[in-house]
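Structure first, commentary second.
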Amino acid sequence: MTLFLLASVLALLFTLGYAGLCAASPFGRCRKCNGLGFALTHDRKGRPKRGKHCRRCDGHGIRIRVGRHLYNLWARTYRNGTR
């Protein structure tokens, strides 16, 4: 019983923490380009240089978080349903 209670409290804290993160910072770094907006390549001497434009984030380097995306979907559905 206490293990179940502890697990549920931890899950609630994690959920509230993630909701707070999505509210405070709705965008995160792109996972493909690591927030740069382009891929890093190296020249023949081994120095990094700018590579191709990132197609996933369209060169912006940011992505919308999953929780914020779900909230936006819910808010849009609610707004369209109450018109």
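Throughout, read-outs are computed from the coordinates displayed, never taken from laboratory work. Just so you know, these numbers come straight off a predicted model, no measurement behind them. Cβ coordinates were reconstructed from backbone atoms using ideal geometry, including for glycine residues, and neighbour counts include every protein chain displayed.
In the chain, the DSSP-assigned H stretches of four residues or longer account for a calculated mean residue ellipticity at 222 nm of -16000 deg cm²/dmol, using -39500 (n - 2.57) per stretch and the full residue count as denominator.
Computed from Cα atoms, the angle from the helix 66-81 axis to the main principal axis of the chain rounds to 60 degrees.
Taking 0.36 nm per residue of separation and subtracting the Cα-Cα distance, full extension of the segment from Lys45 to Arg31 would add 2.4 nm.
Axis of helix 2-24 versus longest Cα principal axis of the chain: the two differ by about 50°, to the nearest ten degrees. Cβ crowding within 10 Å, taken as a proxy for footprinting-reagent exposure, orders Lys32, Lys52 from fewest neighbours to most as Lys52, Lys32. In this simple spin-label model, placing a label point 7 Å from the Cα along the Cα-to-Cβ direction at both Leu70 and Leu16 gives a separation of 1.7 nm. Computed over the chain, relative contact order equals 27 percent, with contacts defined as Cα pairs under 8 Å that lie 6+ residues apart. Assuming charge only on the beta carbon of Lys and Arg (+1) and of Asp and Glu (-1), the dipole of the chain about its Cα centre is about 660 debye to the nearest 20. Would you list the P(r) distribution for the chain, with all Cα-Cα distances sorted into 5 Å bins from 0 and each bin expressed as a whole %? Whole-percent P(r) values from 0 Å outward: 3, 13, 13, 12, 13, 13, 11, 8, 6, 4, 2, 1, 0.
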